[in-house]
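Okay, structure first, notes after.
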Amino acid sequence: MSMNKKPAYHDLEQRIKVLEKEAAEAGRLHAELRESEKKYRLLTEKMTDVVWITDMNLQTLYITPSARTVLGFNQEDQIPLTVEEQMTPESWTLAIETLAGELALEQQGHADPDRKVTLILEYYHKNGSTRWFETTIGGLRNDQGVLTGLHGVSRDVTERKLAEEALRKSEEVYTRLVNTIPDMIARTDLDGKILYVNDYTLQFSGYSREQLEGQNLLMFIASEDQERLIQNISLVMEGRKQGPSEYQMIMKGGRKVPFEVTGGVLRNEDGSPFGFVSECRDISERKRAEERLKKSEEKYRQLAETAHDLIVTVDLDFRITYVNKASLIYADGIDLIGMSLLAFTPPHLHSVQKEMMQKRREGFSETLAFEWELIPPSGKTLTFDIRASLLTDDGKPSGVLLIGRDSTERHHAEELLRQSEEKFRKVFISTPDCMAITRIKDGLIIDANKGFEEVTGWLGSEAIGKTSHEINFWSNPFDRDFMIEELKAGRDVLSREFQFRRKDGVVRSALYSVRSIQIAEDTCAIFSMQDITDLKRLEEDRQNLEQQLFHAQKMDAIGQLAGGVAHDFNNMLSVIIGNTEMAMRKVDSPEFLRNALEDTMNAAKRSADLTRQLLAFARKQTISPEVLDMNDMVTGMLKMLNRLIGENINLVWMPGRKLWNVRIDPSQVDQILVNLVVNARDAMNMAGKIIIETSNKICDETYCSGMPECVPGEYVLLTMSDDGCGMEKEVLANIFEPFFTTKNIGQGTGLGLATIYGIVKQNGGFINAYSEPGQGTTFRIYLPRYSAAIMESSDHQEGVEAQSGTETILIVEDEESVLKLSRDMLEILGYRVLTASKTDQAVRLVGEYDGNIDLLLTDIVMPDMNGKELSERIIPIKPGMKCLYMSGYTADVIARQGILDEGIKFISKPFSLRDLAAKVRETLE
């Protein structure tokens, strides 16, 4: 036992010693730990950064006192324990999402125990504002390595954050500003690599940002300019080059564009360079302008050298600095440059010349025009018309430009002219005709001859200086108004009859002619007049005798009518009597009797037809009018009309749409159609075309003014056109007279058209015809619209206004009455109207007229050339001009004659104001 106890005691003793030693060591280590904790706590509490520790629920376990300072809390204030309460929602979300990602790695066993995460988080300040902290976060682990909490250090970076934001906004502003500059701006490094280009560079060059940035700038410089660019960059780096340079830059697609490039070196704060910035401005337009200026200067230099006028420049001391070639003609081989202009000026003009130059020195810049005497080296004094202009250099007077034209010969010519005017004035004064010159705007009498005194009774000295109104010259003031309107329209008035009042108050008749002339700045009229009062009395006596003769001739015509009727009736009665006698002798033969009776019936019908024609001509035919559709009537007659004209003549029927009704005896329509078709057939050489058309027509007062028989209203128009031989005007004027015919004896009675005329007049209508030799004939028959239907549509028509316009229209028409009517219609519609009665006059007018002519309205058949040939002559002179043709024939007849192509704009004469207005607008638009 004692042996066993001894070792046990010894061991215990040893253990006690060990424990005592360990306890002493532990005490020492504990003291060192307390000292270390004290030191590190003192260190952390003195730090400006915030050091903190949280558990895994983000409850704050420890936070350094500096947190109170940076977040604005006093010593007695309670800092929120949870991190969520300390942060803004956005920063809290960022922190939670980051922590969740780290915990996921922890759970997967992929976490790095030493990993640290740095976040920029926004914390609340006590005053309600926020502060930004750069926070570095790490994990706390126990001895087993298990994550038990978080620790971190947060540094206040609010000022840095604000500075960065301000810098970002500043860069954004300057970037936006650079992108609005309409020049290409680029930034490169020292090796020429493009680091940035503005938006305009992309827009102008056509490259994308990816195609430019990162590339070397030399790739986009023309090869011939690359070496010069490199040299200039070196000079800029050395500070030896300033100002812009010009290079050609290559755009996308290979196009070269000249640019003016201004560059600068980018340097660090220590002055060391780190790149270049360049502003490139497109100078294509400037280059073109410089080229144009160069050409312009060359052109004007050539003009100056080739001008016939003298062109001389002098400085402010009269020294000649330039003369053109024309000036050398007067130099007699002397070099004028450097000589004084005063040497070639008469001495008595020197003082005037010096006074004028002094004004130039003082800045007087107006161009002066004056006559001046010069004495060239030849010694002969010449007179020149001079224009003098001030020359300046940088806005300061530097000399005078003199342009002179030798007017010596002109002065001589003016003297001859003065003598000529004196001679012609003597002619004007002494001519026996009454002549005067008046001012158009007010009728002021400027001059009057002796003939004026003899015819009017006014002395020249009494009338000159007064107006025609003041001497009560015009018996009817409208005569003067007409004259003024014609002159203002550019038309002369020739041999127009009017009445004037002498000084003694006696009204006399006269013929006057007038033409406008320009005298100085006034538009005047030269007026000549012949007193025809006595001639008119003689003319009235002659007309009375002619009326008596006409009455006798008319009675003779009635006798011819009766004789013709008797002759025809005798022939027909002979047939009736003969056949009747033969029937009586052959009563035993029924067949013969039937034939004889048929002949008798035919003769009787012809007699009845002839009687009907006579009655129709006299407008005493018994009729049974009906309301009918003209289209139905023509359609019903087509078969018979085709039989009348034969197979070689083509009958074309063109019915109008929605035709109005007329009230007429159907048999009269048949007579009209048959007579017109037979006339057309006889006018053709065995073949041709006849066109029958119908349409509705509204005739207004303007339309009717050119046709005496027309009454304004609504009509159904029946038109028949042929392409036969046509008629002369002399024949056309007599076609409706009874027994007038151009056919051979026995081929016509001359009553066909007279019958149609009587039928049309009996039914309240009117008829006109249009024809030219070789061009065919067109008849137009206007029958009144049946009155029961007029009220239904008149309101609508009244509401339809004629279309107007303001364009300029040229009318070419050889018939004076049609020309006047067309002009009046177009002027009523608001158009500016030019007129010509002859084709050569129209060509000359178009060549001389400076303004635009929008439309040519031309007759087709005219003496010298047709309308198509005229348009081909003048449209090249006014390329934008449209063309509208007019004719008394229908469009189909005109096109068939080969004068017009199908589809050309065309209007048939006669036309109403609405028809013309609509067709003009259709052609212009």
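The values are calculated or read from the model by the stated rules, or taken from the named source; none is laboratory data. From a predicted model like this one, the values you see are computed outputs, not experimental measurements. Every residue, glycine as well, gets a Cβ built from its backbone with ideal geometry; the counts of neighbours run over all protein chains shown. Note: accessible area is taken over every heavy atom of the protein model, side chains too, but ligands, DNA and RNA are not part of it. Shrake-Rupley method; radii C 1.70, N 1.55, O 1.52, S 1.80 Å.
Does I759 qualify as being modelled with pLDDT of 80 or more, in a helix (DSSP H, G or I), hydrophobic (A, V, I, L, M, F, W, C) and open to solvent by less than 20 Å² (accessible area, probe 1.4 Å)?
yes
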Conditions (1) among the hydrophobic types (A, V, I, L, M, F, W, C); (2) open to solvent by less than 60 Å² (accessible area, probe 1.4 Å); (3) part of a strand (DSSP E or B): number failed by L99: (3)
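Out of the helices (runs of 4 or more DSSP H) lying entirely within segment 787-854, which hold 3 or more residues that are touching a helix residue (DSSP H, G or I) at 6+ places or on another chain (Cβ under 8 Å), modelled with pLDDT of 90 or more and open to solvent by less than 40 Å² (accessible area, probe 1.4 Å)? Write out each step before concluding.
On the way: elements: 787-798, 816-828, 839-848.
Answer list for segment 787-854: 839-848.
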The lone exception for C883 - which of (1) assigned to a helix (DSSP H, G or I); (2) among the hydrophobic types (A, V, I, L, M, F, W, C); (3) modelled with pLDDT of 80 or more it fails: (1)
Some residue of segment 667-682 being buried (at least 19 other Cβ atoms within 10 Å of the Cβ), assigned by the TED database to the domain that holds V760 and in a loop (DSSP other than H, G, I, E, B): no
Matching entry among M707, M686 (being without any contact (Cβ under 8 Å) to a residue 40 or more places away in the chain and either assigned to a strand (DSSP E or B) or outside the structural domain of R914 (by the TED database) (or both)): M686
Positions within segment 138-166 being in contact with a Lys or Arg (Cβ under 7 Å, 6 or more places away or on another chain), surrounded by 14 or more Cβ atoms within 10 Å (Cβ to Cβ) and of a type in the set (V, I, T), in sequence order: T158
Odd one out for I79, checked against (1) of a type in the set (A, V, I, L, M, F, W, C); (2) within 20 Å of E134 (Cβ to Cβ); (3) open to solvent by 40 Å² or more (accessible area, probe 1.4 Å); (4) modelled with pLDDT under 65: (3)
Residue match in segment 448-464 (condition: within 23 Å of A520 (Cβ to Cβ) and part of a loop (DSSP other than H, G, I, E, B)): yes
Residue under evaluation H411, criteria (1) closer than 20 Å to M529 by Cα; (2) out of contact with any helix residue (DSSP H, G or I) (no Cβ under 9 Å at 6 or more places or on another chain), criterion not met: (1)
Of residues in segment 380-399 being touching a helix residue (DSSP H, G or I) at 6+ places or on another chain (Cβ under 6 Å) and of a type in the set (A, V, I, L, M, F, W, C), the one farthest from L368 (Cα to Cα): L382
The listed residue being outside the structural domain of S837 (by the TED database), out of contact with any Lys or Arg (no Cβ under 9 Å at 6 or more places or on another chain) and within 30 Å of S837 (Cβ to Cβ), out of F482, F478: F478
Extreme residue, nearest to D406 (Cα to Cα), among residues of segment 309-342 that are hydroxyl-bearing (S, T, Y) and open to solvent by 30 Å² or more (accessible area, probe 1.4 Å): Y330
Enumeration of residues in segment 467-485 that are open to solvent by 80 Å² or more (accessible area, probe 1.4 Å) and within 13 Å of I440 (Cα to Cα): H469, E485
T345, sole failed condition from (1) loosely packed, with under 11 Cβ neighbours inside 10 Å; (2) within 21 Å of L390 (Cβ to Cβ); (3) of a type in the set (S, T, N, Q): (1)
Pairs, first over 17 Å from T48 (Cα atoms) in segment 114-143, second surrounded by fewer than 16 Cβ atoms within 10 Å (Cβ to Cβ) and charged (D, E, K, R), C-beta under 6 Å, six or more apart: G138/K116
